[in-house]
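Engineer: I am attaching a structure below and will ask some questions about it afterwards.
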Amino acid sequence: MQHLAPDYLYTPQGFQANQVVSISDNGYIDAIRERGPESEITTTLPGMALLPGFVNTHSHAFQRALRGRTHHARSARDTFWTWRQAMYDEAQQLTPDSIYQITLQTYREMLTAGYTSVGEFHYVHHQPNGALYEPANRMAEAVIQAGRDAGIRVVLLLTAYARGGFTPSPSALEGQPPSPTQRRFCDASLDAFLARAEELRTSGAALGIAPHSVRAVPEDWLHALAAYSRLHHLPFHIHADEQIAEIEQCQQVHHCTPIELLARYGALDAGTTIIHATHANQSEIALLAQQQARVCVCPTTEGDLGDGIAPYAELLVAHIPLCIGSDSNTRIDPLEELRWAEYSARMRYQRRRILIADEQASPGPLLLSYGTRVGAAALGLTTGSIEPGMAADFVAVDLHAPELQGWTPDDLLDTLCFGASSAVFAQTWVQGKQVWQGSAA
Ligand SMILES: [Zn+2]
(Lines give C-alpha, C1' and ligand atoms only; values in the text may rest on other atoms or scores of the structure.)
Protein backbone atom coordinates (compact mmCIF):
# COMPACT_ATOMS: atom_id res chain seq x y z
CA MET A 1 0.00 0.00 0.00
CA GLN A 2 1.25 3.51 -0.77
CA HIS A 3 -0.26 6.86 0.27
CA LEU A 4 -0.14 10.14 -1.68
CA ALA A 5 -0.83 13.52 -0.13
CA PRO A 6 -1.08 16.33 -2.71
CA ASP A 7 -2.19 19.86 -1.73
CA TYR A 8 -5.47 19.25 -3.57
CA LEU A 9 -7.21 16.13 -4.83
CA TYR A 10 -9.93 16.24 -7.49
CA THR A 11 -12.68 13.85 -6.36
CA PRO A 12 -16.29 13.58 -7.60
CA GLN A 13 -17.01 16.36 -5.05
CA GLY A 14 -14.49 18.73 -6.66
CA PHE A 15 -11.07 19.86 -5.44
CA GLN A 16 -10.46 18.95 -1.81
CA ALA A 17 -7.55 20.01 0.36
CA ASN A 18 -5.77 17.85 2.95
CA GLN A 19 -6.71 14.46 1.59
CA VAL A 20 -4.64 11.32 1.37
CA VAL A 21 -5.28 8.78 -1.37
CA SER A 22 -4.24 5.22 -0.55
CA ILE A 23 -3.28 2.88 -3.37
CA SER A 24 -3.26 -0.89 -3.11
CA ASP A 25 -0.32 -2.94 -4.37
CA ASN A 26 -2.22 -3.86 -7.55
CA GLY A 27 -2.61 -0.18 -8.48
CA TYR A 28 -6.22 0.56 -7.51
CA ILE A 29 -7.44 3.32 -5.22
CA ASP A 30 -8.18 1.74 -1.87
CA ALA A 31 -9.37 4.72 0.19
CA ILE A 32 -9.43 8.49 0.45
CA ARG A 33 -9.20 10.01 3.90
CA GLU A 34 -8.43 13.23 5.74
CA ARG A 35 -4.76 13.92 6.19
CA GLY A 36 -3.69 13.14 9.77
CA PRO A 37 -0.30 13.29 11.45
CA GLU A 38 2.30 12.48 8.74
CA SER A 39 3.41 8.90 8.59
CA GLU A 40 6.74 8.04 7.08
CA ILE A 41 5.07 5.97 4.36
CA THR A 42 3.06 8.92 3.00
CA THR A 43 4.48 10.60 -0.11
CA THR A 44 3.65 14.30 0.02
CA LEU A 45 3.24 16.20 -3.24
CA PRO A 46 3.67 19.82 -2.13
CA GLY A 47 2.45 22.48 -4.56
CA MET A 48 0.54 19.91 -6.60
CA ALA A 49 -3.06 19.00 -7.30
CA LEU A 50 -3.98 15.53 -8.54
CA LEU A 51 -6.49 15.11 -11.36
CA PRO A 52 -7.66 11.79 -12.74
CA GLY A 53 -5.45 10.73 -15.66
CA PHE A 54 -6.86 11.72 -19.06
CA VAL A 55 -8.24 9.13 -21.45
CA ASN A 56 -7.33 9.49 -25.12
CA THR A 57 -10.23 7.61 -26.68
CA HIS A 58 -9.10 7.77 -30.29
CA SER A 59 -5.53 7.72 -31.60
CA HIS A 60 -3.69 6.64 -34.73
CA ALA A 61 -0.19 6.78 -33.23
CA PHE A 62 1.77 6.47 -36.49
CA GLN A 63 0.11 9.61 -37.92
CA ARG A 64 2.25 11.58 -35.45
CA ALA A 65 4.94 11.30 -38.16
CA LEU A 66 2.89 13.68 -40.35
CA ARG A 67 2.90 16.58 -37.87
CA GLY A 68 3.70 19.84 -39.67
CA ARG A 69 4.29 18.01 -42.93
CA THR A 70 0.88 18.19 -44.64
CA HIS A 71 0.40 21.95 -44.97
CA HIS A 72 2.00 22.47 -48.38
CA ALA A 73 -0.21 22.35 -51.46
CA ARG A 74 -1.04 18.88 -52.73
CA SER A 75 -3.77 20.08 -55.08
CA ALA A 76 -5.64 23.24 -56.02
CA ARG A 77 -8.14 22.60 -53.24
CA ASP A 78 -6.75 20.61 -50.33
CA THR A 79 -9.24 18.71 -48.16
CA PHE A 80 -9.49 15.71 -45.86
CA TRP A 81 -9.24 13.54 -48.96
CA THR A 82 -5.92 15.01 -50.18
CA TRP A 83 -4.55 14.76 -46.62
CA ARG A 84 -5.65 11.13 -46.60
CA GLN A 85 -3.37 10.38 -49.54
CA ALA A 86 -0.39 11.82 -47.63
CA MET A 87 -1.37 9.64 -44.67
CA TYR A 88 -1.61 6.54 -46.91
CA ASP A 89 1.87 7.28 -48.26
CA GLU A 90 3.15 7.36 -44.67
CA ALA A 91 1.28 4.14 -43.79
CA GLN A 92 2.90 2.40 -46.78
CA GLN A 93 6.34 2.89 -45.25
CA LEU A 94 5.61 1.25 -41.89
CA THR A 95 7.32 -1.93 -40.75
CA PRO A 96 6.84 -3.78 -37.45
CA ASP A 97 9.98 -2.06 -36.16
CA SER A 98 9.09 1.43 -37.35
CA ILE A 99 5.48 1.28 -36.09
CA TYR A 100 6.90 0.22 -32.72
CA GLN A 101 9.33 3.17 -32.66
CA ILE A 102 6.86 5.89 -33.72
CA THR A 103 4.18 4.50 -31.39
CA LEU A 104 6.59 4.38 -28.44
CA GLN A 105 7.61 8.00 -29.07
CA THR A 106 3.97 9.10 -29.46
CA TYR A 107 2.87 7.32 -26.28
CA ARG A 108 5.72 8.89 -24.31
CA GLU A 109 4.54 12.28 -25.55
CA MET A 110 1.00 11.38 -24.44
CA LEU A 111 2.22 10.61 -20.91
CA THR A 112 3.91 14.02 -20.68
CA ALA A 113 0.58 15.56 -21.72
CA GLY A 114 -1.38 13.78 -18.98
CA TYR A 115 -2.99 10.98 -20.98
CA THR A 116 -2.79 7.73 -19.00
CA SER A 117 -4.94 5.50 -21.26
CA VAL A 118 -5.26 5.40 -25.04
CA GLY A 119 -7.62 3.71 -27.48
CA GLU A 120 -5.44 2.88 -30.46
CA PHE A 121 -7.56 2.63 -33.61
CA HIS A 122 -5.13 0.35 -35.39
CA TYR A 123 -5.53 -0.48 -39.06
CA VAL A 124 -2.07 -1.04 -40.59
CA HIS A 125 -2.17 -4.81 -40.21
CA HIS A 126 -0.44 -6.54 -43.10
CA GLN A 127 2.51 -6.22 -45.48
CA PRO A 128 2.24 -3.45 -48.09
CA ASN A 129 1.01 -5.93 -50.72
CA GLY A 130 -1.60 -7.30 -48.31
CA ALA A 131 0.28 -10.54 -47.48
CA LEU A 132 0.14 -11.65 -43.86
CA TYR A 133 3.00 -11.16 -41.45
CA GLU A 134 4.08 -14.13 -39.40
CA PRO A 135 2.45 -14.08 -36.91
CA ALA A 136 -0.59 -12.37 -38.44
CA ASN A 137 -0.93 -9.89 -35.55
CA ARG A 138 2.69 -8.77 -35.66
CA MET A 139 1.85 -5.08 -36.22
CA ALA A 140 -0.81 -5.07 -33.46
CA GLU A 141 1.67 -6.78 -31.12
CA ALA A 142 4.23 -4.06 -31.89
CA VAL A 143 1.70 -1.37 -30.87
CA ILE A 144 0.82 -3.23 -27.67
CA GLN A 145 4.53 -3.65 -26.84
CA ALA A 146 5.14 0.09 -27.41
CA GLY A 147 2.36 0.84 -24.89
CA ARG A 148 3.87 -1.54 -22.37
CA ASP A 149 7.35 -0.06 -22.81
CA ALA A 150 6.09 3.54 -22.58
CA GLY A 151 3.99 2.76 -19.50
CA ILE A 152 0.62 3.89 -20.89
CA ARG A 153 -2.53 1.72 -20.81
CA VAL A 154 -3.51 0.74 -24.36
CA VAL A 155 -6.85 -0.58 -25.55
CA LEU A 156 -6.15 -1.97 -29.02
CA LEU A 157 -9.15 -1.09 -31.19
CA LEU A 158 -8.60 -3.69 -33.90
CA THR A 159 -9.84 -2.10 -37.07
CA ALA A 160 -11.76 -4.02 -39.73
CA TYR A 161 -11.24 -2.88 -43.29
CA ALA A 162 -12.54 -4.68 -46.36
CA ARG A 163 -12.91 -2.36 -49.32
CA GLY A 164 -12.07 0.99 -50.85
CA GLY A 165 -15.54 2.47 -50.60
CA PHE A 166 -19.26 2.10 -51.18
CA THR A 167 -20.28 0.34 -54.31
CA PRO A 168 -21.63 2.88 -56.83
CA SER A 169 -24.31 0.44 -57.98
CA PRO A 170 -26.59 -1.55 -55.66
CA SER A 171 -26.20 -4.61 -57.90
CA ALA A 172 -22.46 -4.87 -57.18
CA LEU A 173 -22.72 -5.63 -53.48
CA GLU A 174 -19.04 -6.23 -52.83
CA GLY A 175 -18.14 -2.54 -53.15
CA GLN A 176 -15.02 -0.94 -54.57
CA PRO A 177 -11.83 -2.99 -54.25
CA PRO A 178 -9.16 -1.50 -52.00
CA SER A 179 -6.66 0.81 -53.68
CA PRO A 180 -3.03 -0.40 -53.68
CA THR A 181 -2.33 1.82 -50.66
CA GLN A 182 -5.29 0.35 -48.73
CA ARG A 183 -4.35 -3.32 -49.24
CA ARG A 184 -2.37 -3.64 -46.07
CA PHE A 185 -5.38 -2.46 -44.00
CA CYS A 186 -7.66 -5.22 -45.35
CA ASP A 187 -8.39 -8.74 -44.19
CA ALA A 188 -9.35 -11.27 -46.84
CA SER A 189 -12.59 -12.22 -45.10
CA LEU A 190 -14.66 -11.56 -42.01
CA ASP A 191 -13.51 -14.91 -40.59
CA ALA A 192 -9.86 -13.98 -41.11
CA PHE A 193 -10.41 -10.73 -39.20
CA LEU A 194 -12.30 -12.47 -36.39
CA ALA A 195 -9.56 -15.09 -36.07
CA ARG A 196 -7.04 -12.30 -35.47
CA ALA A 197 -9.38 -10.62 -32.99
CA GLU A 198 -9.94 -13.89 -31.16
CA GLU A 199 -6.22 -14.53 -30.88
CA LEU A 200 -5.64 -11.09 -29.32
CA ARG A 201 -8.64 -11.42 -27.02
CA THR A 202 -7.65 -14.83 -25.68
CA SER A 203 -4.05 -13.64 -25.20
CA GLY A 204 -5.39 -11.21 -22.61
CA ALA A 205 -4.87 -7.98 -24.62
CA ALA A 206 -7.24 -5.11 -23.82
CA LEU A 207 -9.23 -5.21 -27.05
CA GLY A 208 -12.01 -3.35 -28.81
CA ILE A 209 -13.53 -3.92 -32.25
CA ALA A 210 -13.53 -1.09 -34.76
CA PRO A 211 -14.99 -1.37 -38.23
CA HIS A 212 -13.18 1.54 -39.88
CA SER A 213 -16.30 3.21 -41.29
CA VAL A 214 -19.48 2.34 -43.19
CA ARG A 215 -17.43 3.07 -46.34
CA ALA A 216 -14.77 0.48 -45.55
CA VAL A 217 -16.82 -2.58 -44.49
CA PRO A 218 -19.93 -4.21 -45.95
CA GLU A 219 -23.14 -4.34 -43.94
CA ASP A 220 -22.90 -8.04 -43.02
CA TRP A 221 -19.51 -7.28 -41.42
CA LEU A 222 -21.05 -4.45 -39.38
CA HIS A 223 -23.72 -6.79 -38.06
CA ALA A 224 -21.30 -9.63 -37.25
CA LEU A 225 -18.65 -7.38 -35.67
CA ALA A 226 -21.25 -5.72 -33.43
CA ALA A 227 -22.53 -9.16 -32.37
CA TYR A 228 -18.95 -10.33 -31.59
CA SER A 229 -18.35 -7.18 -29.49
CA ARG A 230 -21.56 -7.68 -27.55
CA LEU A 231 -20.82 -11.37 -26.94
CA HIS A 232 -17.43 -10.58 -25.40
CA HIS A 233 -18.32 -7.19 -23.86
CA LEU A 234 -15.77 -5.37 -26.01
CA PRO A 235 -15.91 -1.67 -26.91
CA PHE A 236 -17.20 -1.05 -30.46
CA HIS A 237 -15.85 2.05 -32.23
CA ILE A 238 -16.41 3.38 -35.75
CA HIS A 239 -15.69 6.61 -37.66
CA ALA A 240 -18.93 8.18 -38.93
CA ASP A 241 -20.13 11.47 -40.39
CA GLU A 242 -16.70 13.13 -40.48
CA GLN A 243 -17.14 14.11 -44.12
CA ILE A 244 -20.22 15.21 -46.10
CA ALA A 245 -19.08 13.05 -49.06
CA GLU A 246 -19.43 9.91 -46.91
CA ILE A 247 -22.99 10.84 -45.98
CA GLU A 248 -23.94 11.61 -49.59
CA GLN A 249 -22.51 8.32 -50.86
CA CYS A 250 -24.26 6.38 -48.08
CA GLN A 251 -27.56 8.04 -48.98
CA GLN A 252 -27.12 7.22 -52.66
CA VAL A 253 -26.42 3.56 -52.01
CA HIS A 254 -28.47 2.84 -48.88
CA HIS A 255 -31.00 5.71 -48.80
CA CYS A 256 -30.01 6.52 -45.25
CA THR A 257 -27.19 8.22 -43.33
CA PRO A 258 -24.20 6.35 -41.79
CA ILE A 259 -25.57 6.33 -38.22
CA GLU A 260 -28.98 5.17 -39.51
CA LEU A 261 -27.17 2.38 -41.38
CA LEU A 262 -25.46 1.28 -38.14
CA ALA A 263 -28.83 1.13 -36.37
CA ARG A 264 -30.34 -0.82 -39.27
CA TYR A 265 -27.65 -3.51 -38.97
CA GLY A 266 -27.72 -3.79 -35.17
CA ALA A 267 -24.45 -1.93 -34.71
CA LEU A 268 -25.61 0.93 -32.47
CA ASP A 269 -26.02 0.44 -28.73
CA ALA A 270 -24.57 1.47 -25.36
CA GLY A 271 -21.25 -0.17 -26.26
CA THR A 272 -20.89 1.96 -29.40
CA THR A 273 -18.65 5.00 -29.69
CA ILE A 274 -19.06 7.07 -32.85
CA ILE A 275 -15.84 8.84 -33.80
CA HIS A 276 -16.49 12.44 -35.00
CA ALA A 277 -20.27 12.66 -35.79
CA THR A 278 -19.28 16.06 -37.18
CA HIS A 279 -22.20 16.29 -39.61
CA ALA A 280 -24.76 14.18 -37.69
CA ASN A 281 -28.31 15.39 -38.31
CA GLN A 282 -31.22 15.57 -35.86
CA SER A 283 -32.54 12.09 -36.63
CA GLU A 284 -29.07 10.59 -36.17
CA ILE A 285 -28.69 12.41 -32.84
CA ALA A 286 -32.09 11.05 -31.76
CA LEU A 287 -30.92 7.53 -32.66
CA LEU A 288 -27.70 7.96 -30.68
CA ALA A 289 -29.75 9.07 -27.66
CA GLN A 290 -32.26 6.24 -28.03
CA GLN A 291 -29.48 3.62 -28.25
CA GLN A 292 -27.38 5.30 -25.50
CA ALA A 293 -24.32 5.47 -27.75
CA ARG A 294 -21.58 8.03 -27.19
CA VAL A 295 -19.54 10.30 -29.45
CA CYS A 296 -15.78 10.91 -29.49
CA VAL A 297 -14.83 14.34 -30.84
CA CYS A 298 -11.26 15.13 -31.93
CA PRO A 299 -11.26 18.93 -32.16
CA THR A 300 -7.60 19.59 -33.03
CA THR A 301 -7.63 16.99 -35.81
CA GLU A 302 -11.07 18.06 -37.03
CA GLY A 303 -9.72 21.61 -37.19
CA ASP A 304 -6.50 20.55 -38.91
CA LEU A 305 -8.38 18.57 -41.56
CA GLY A 306 -11.14 21.14 -42.07
CA ASP A 307 -13.81 18.58 -41.19
CA GLY A 308 -16.29 20.94 -39.59
CA ILE A 309 -17.66 21.55 -36.08
CA ALA A 310 -19.75 18.89 -34.33
CA PRO A 311 -23.33 19.82 -33.36
CA TYR A 312 -22.29 20.22 -29.73
CA ALA A 313 -25.40 21.97 -28.43
CA GLU A 314 -27.74 19.41 -29.99
CA LEU A 315 -25.64 16.51 -28.66
CA LEU A 316 -25.72 18.07 -25.19
CA VAL A 317 -29.50 18.59 -25.24
CA ALA A 318 -29.90 14.93 -26.27
CA HIS A 319 -27.66 13.86 -23.33
CA ILE A 320 -25.12 12.15 -25.60
CA PRO A 321 -21.92 11.62 -23.58
CA LEU A 322 -18.82 13.04 -25.32
CA CYS A 323 -15.21 11.97 -25.05
CA ILE A 324 -12.03 13.18 -26.77
CA GLY A 325 -9.29 11.76 -28.96
CA SER A 326 -6.00 13.11 -30.28
CA ASP A 327 -6.75 11.17 -33.51
CA SER A 328 -4.01 12.16 -36.01
CA ASN A 329 -1.80 13.41 -33.14
CA THR A 330 -1.19 16.74 -34.86
CA ARG A 331 -1.38 17.97 -31.23
CA ILE A 332 -1.24 15.91 -28.06
CA ASP A 333 -2.78 17.88 -25.22
CA PRO A 334 -6.10 17.02 -23.54
CA LEU A 335 -6.57 20.59 -22.28
CA GLU A 336 -6.32 21.87 -25.84
CA GLU A 337 -8.79 19.25 -27.15
CA LEU A 338 -11.28 20.21 -24.46
CA ARG A 339 -10.74 23.93 -24.96
CA TRP A 340 -11.31 23.58 -28.70
CA ALA A 341 -14.46 21.56 -28.16
CA GLU A 342 -15.90 24.49 -26.19
CA TYR A 343 -14.32 27.23 -28.35
CA SER A 344 -15.47 25.76 -31.67
CA ALA A 345 -18.95 25.33 -30.16
CA ARG A 346 -18.89 29.01 -29.10
CA MET A 347 -17.99 30.02 -32.64
CA ARG A 348 -20.67 27.80 -34.13
CA TYR A 349 -23.46 29.11 -31.89
CA GLN A 350 -22.07 32.59 -31.23
CA ARG A 351 -22.48 32.46 -27.47
CA ARG A 352 -20.40 31.41 -24.47
CA ARG A 353 -20.68 28.50 -21.99
CA ILE A 354 -22.01 25.76 -24.29
CA LEU A 355 -20.65 22.55 -22.71
CA ILE A 356 -22.04 22.87 -19.19
CA ALA A 357 -23.72 20.38 -16.84
CA ASP A 358 -26.44 22.83 -15.81
CA GLU A 359 -27.47 26.46 -16.29
CA GLN A 360 -25.32 27.78 -13.47
CA ALA A 361 -22.24 25.66 -14.12
CA SER A 362 -18.96 26.64 -15.74
CA PRO A 363 -17.63 24.31 -18.45
CA GLY A 364 -14.62 22.95 -16.47
CA PRO A 365 -16.28 20.01 -14.67
CA LEU A 366 -18.17 18.74 -17.73
CA LEU A 367 -15.10 19.13 -19.96
CA LEU A 368 -12.99 17.20 -17.45
CA SER A 369 -15.56 14.37 -17.44
CA TYR A 370 -15.31 14.24 -21.26
CA GLY A 371 -11.54 13.92 -20.94
CA THR A 372 -11.66 11.25 -18.23
CA ARG A 373 -14.82 9.34 -17.18
CA VAL A 374 -16.62 9.24 -20.52
CA GLY A 375 -13.47 8.12 -22.32
CA ALA A 376 -12.96 5.39 -19.73
CA ALA A 377 -16.52 4.16 -20.35
CA ALA A 378 -15.91 4.23 -24.12
CA LEU A 379 -12.88 1.98 -23.68
CA GLY A 380 -14.42 -0.24 -20.98
CA LEU A 381 -11.88 0.87 -18.36
CA THR A 382 -12.16 1.21 -14.57
CA THR A 383 -10.54 4.62 -14.44
CA GLY A 384 -11.35 8.29 -15.01
CA SER A 385 -12.30 9.31 -11.48
CA ILE A 386 -10.43 9.52 -8.19
CA GLU A 387 -12.51 7.29 -5.93
CA PRO A 388 -12.09 3.88 -4.29
CA GLY A 389 -12.11 0.95 -6.71
CA MET A 390 -10.76 2.95 -9.65
CA ALA A 391 -7.30 2.46 -11.15
CA ALA A 392 -4.79 4.87 -9.59
CA ASP A 393 -4.24 6.95 -12.76
CA PHE A 394 -3.31 10.56 -11.99
CA VAL A 395 -1.86 13.66 -13.48
CA ALA A 396 -0.18 16.07 -11.06
CA VAL A 397 -0.70 19.78 -11.75
CA ASP A 398 2.12 22.18 -10.78
CA LEU A 399 0.13 24.78 -8.85
CA HIS A 400 3.03 27.26 -9.06
CA ALA A 401 3.02 27.30 -12.89
CA PRO A 402 2.86 30.91 -14.16
CA GLU A 403 -0.17 30.15 -16.38
CA LEU A 404 -2.21 29.25 -13.29
CA GLN A 405 -1.35 32.21 -11.09
CA GLY A 406 -4.46 33.61 -9.43
CA TRP A 407 -6.23 30.25 -9.31
CA THR A 408 -8.71 29.38 -6.58
CA PRO A 409 -10.08 25.90 -5.79
CA ASP A 410 -13.44 26.97 -7.27
CA ASP A 411 -12.06 27.99 -10.68
CA LEU A 412 -8.93 25.87 -11.01
CA LEU A 413 -10.53 23.57 -13.59
CA ASP A 414 -11.63 26.49 -15.75
CA THR A 415 -8.19 28.08 -15.38
CA LEU A 416 -6.67 24.83 -16.63
CA CYS A 417 -9.14 24.42 -19.50
CA PHE A 418 -9.01 28.01 -20.78
CA GLY A 419 -5.66 29.36 -19.61
CA ALA A 420 -3.12 26.56 -19.66
CA SER A 421 -1.59 23.79 -21.69
CA SER A 422 -0.39 20.40 -20.54
CA ALA A 423 2.97 22.10 -19.83
CA VAL A 424 1.58 22.71 -16.31
CA PHE A 425 1.58 18.96 -15.66
CA ALA A 426 4.46 17.75 -13.52
CA GLN A 427 3.89 14.01 -13.08
CA THR A 428 1.84 11.20 -14.58
CA TRP A 429 0.81 8.04 -12.73
CA VAL A 430 -0.60 4.89 -14.31
CA GLN A 431 -2.00 2.04 -12.19
CA GLY A 432 -0.29 3.36 -9.06
CA LYS A 433 3.14 3.85 -10.69
CA GLN A 434 4.72 7.18 -11.52
CA VAL A 435 5.59 6.80 -15.22
CA TRP A 436 6.69 10.35 -16.04
CA GLN A 437 8.11 13.33 -14.18
CA GLY A 438 8.72 16.76 -15.72
CA SER A 439 11.50 19.15 -14.88
CA ALA A 440 9.21 21.32 -12.69
CA ALA A 441 8.55 18.45 -10.26
ZN1 LIG B 1 -9.53 8.45 -36.70
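The values are calculated or read from the model by the stated rules, or taken from the named source; none is laboratory data. Model, not experiment: these values are computed from the prediction. So basically every Cβ, Gly included, is an ideal-geometry build from the backbone, and we count neighbours across all protein chains shown.
Engineer: Being of a type outside the set (S, T, N, Q) and touching a residue at least 40 places away in the same chain (Cβ under 8 Å) is the filter here; which residues of region 281-303 pass it?
Structural biologist: E284, R294, C296, V297, C298, P299, E302, G303
Engineer: Given (1) under 30 Å from K433 (Cα atoms); (2) within 16 Å of the ligand (Cβ to nearest atom), identify the lone condition not met by G147.
Structural biologist: (2)
Engineer: Among the residues of region 44-61, are any farther than 30 Å from A357 by Cβ and surrounded by 20 or more Cβ atoms within 10 Å (Cβ to Cβ)?
Structural biologist: Taking every residue of region 44-61 in turn, at least one turns out to be farther than 30 Å from A357 by Cβ and surrounded by 20 or more Cβ atoms within 10 Å (Cβ to Cβ).
For (1) assigned to a loop (DSSP other than H, G, I, E, B); (2) among the hydroxyl-bearing types (S, T, Y); (3) at pLDDT 95 or above; (4) farther than 17 Å from D414 by Cα, each residue gets a yes or a no:
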site	(1), (2), (3), (4)
I332	yes, no, yes, yes
W340	no, no, yes, no
A345	no, no, yes, no
R352	yes, no, yes, no
I356	yes, no, yes, no
S362	yes, yes, yes, no
L368	no, no, yes, no
V374	no, no, yes, yes
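Engineer: Is it true that some residue in region 155-162 is buried (at least 18 other Cβ atoms within 10 Å of the Cβ), outside any loop (DSSP other than H, G, I, E, B) and in contact with a Pro (Cβ under 6 Å, 6 or more places away or on another chain)?
Structural biologist: There is at least one residue in region 155-162 that is buried (at least 18 other Cβ atoms within 10 Å of the Cβ), outside any loop (DSSP other than H, G, I, E, B) and in contact with a Pro (Cβ under 6 Å, 6 or more places away or on another chain).
Engineer: Among P334, P321, P311, which is crowded, with 24+ Cβ neighbours inside 10 Å and within 23 Å of Q282 (Cβ to Cβ)?
Structural biologist: Exactly one of P334, P321, P311 is crowded, with 24+ Cβ neighbours inside 10 Å and within 23 Å of Q282 (Cβ to Cβ), namely P311.
Engineer: May I pose another question? Considering only region 1-26, state which residues are among the small types (G, A, S) and surrounded by 16 or more Cβ atoms within 10 Å (Cβ to Cβ).
Structural biologist: Within region 1-26, A5, S22 qualify.
Engineer: Got at least one residue in region 386-404 being more than 16 Å from the ligand (Cβ to nearest atom), buried (at least 17 other Cβ atoms within 10 Å of the Cβ) and closer than 24 Å to G303 by Cα?
Structural biologist: No, region 386-404 contains no residue that is more than 16 Å from the ligand (Cβ to nearest atom), buried (at least 17 other Cβ atoms within 10 Å of the Cβ) and closer than 24 Å to G303 by Cα.
Engineer: Quick check on my filter: what residues within region 393-416 are of a type in the set (D, E), assigned to a loop (DSSP other than H, G, I, E, B) and closer than 26 Å to I152 by Cβ?
Structural biologist: D393
Engineer: State which residue pairs qualify: first residue on the phi < 0 side of the Ramachandran plot and inside region 318-344, second residue assigned to a loop (DSSP other than H, G, I, E, B) and within 12 Å of the ligand (Cβ to nearest atom) in any location, beta carbons under 6 Å apart, and separation of 6 or more residues or different chains.
Structural biologist: From region 318-344, the pairs are G325/C298; I332/S326.
Engineer: Same structure again: Name every residue in region 103-125 that is within 16 Å of the ligand (Cβ to nearest atom) and not aromatic (F, W, Y), in order of residue number.
Structural biologist: T103, T106, M110, V118, G119, E120, H122, V124, H125
Engineer: Hey, can you tell me all the residues within region 279-299 that are surrounded by 24 or more Cβ atoms within 10 Å (Cβ to Cβ), assigned to a helix (DSSP H, G or I) and either within 16 Å of the ligand (Cβ to nearest atom) or polar (S, T, N, Q) (or both)?
Structural biologist: P299
Engineer: While we're on this one: For region 300-309, what are the residues that are over 21 Å from P321 (Cα atoms) and within 11 Å of the ligand (Cβ to nearest atom)?
Structural biologist: Across region 300-309, the qualifying residue is only L305.
The rows are residues; the columns are (1) among the aromatic types (F, W, Y); (2) in contact with a Phe, Trp or Tyr (Cβ under 6 Å, 6 or more places away or on another chain).
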| position | (1), (2) |
| --- | --- |
| H233 | no, no |
| F236 | yes, no |
| I244 | no, no |
| Q249 | no, yes |
| H255 | no, no |
| P258 | no, no |
| D269 | no, no |
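Engineer: Any chance region 225-234 includes a residue that's away from the ligand (no atom under 16 Å from the Cβ), more than 17 Å from H122 (Cα to Cα), assigned by TED's automatic domain parsing to the domain that holds L156 and basic (K, R)?
Structural biologist: yes
Engineer: For region 260-277, name all the residues that are touching a helix residue (DSSP H, G or I) at 6+ places or on another chain (Cβ under 6 Å) and within 16 Å of the ligand (Cβ to nearest atom).
Structural biologist: Of everything in region 260-277, just one residue is touching a helix residue (DSSP H, G or I) at 6+ places or on another chain (Cβ under 6 Å) and within 16 Å of the ligand (Cβ to nearest atom), namely T273.
Engineer: So, in region 238-259, how many residues would count as being within 16 Å of the ligand (Cβ to nearest atom) and part of a loop (DSSP other than H, G, I, E, B)?
Structural biologist: 3
Engineer: Another question, if that's okay. Return the only residue of G380, G384, G389 being modelled with pLDDT of 95 or more, assigned to a loop (DSSP other than H, G, I, E, B), farther than 22 Å from I275 by Cα and not aliphatic (A, V, I, L, M).
Structural biologist: Matching residue, one of G380, G384, G389: G389.
Engineer: Could you please find all residues in region 51-73 being closer than 19 Å to G114 by Cα and among the β-branched types (V, I, T)?
Structural biologist: Residues satisfying the conditions are V55, T57.
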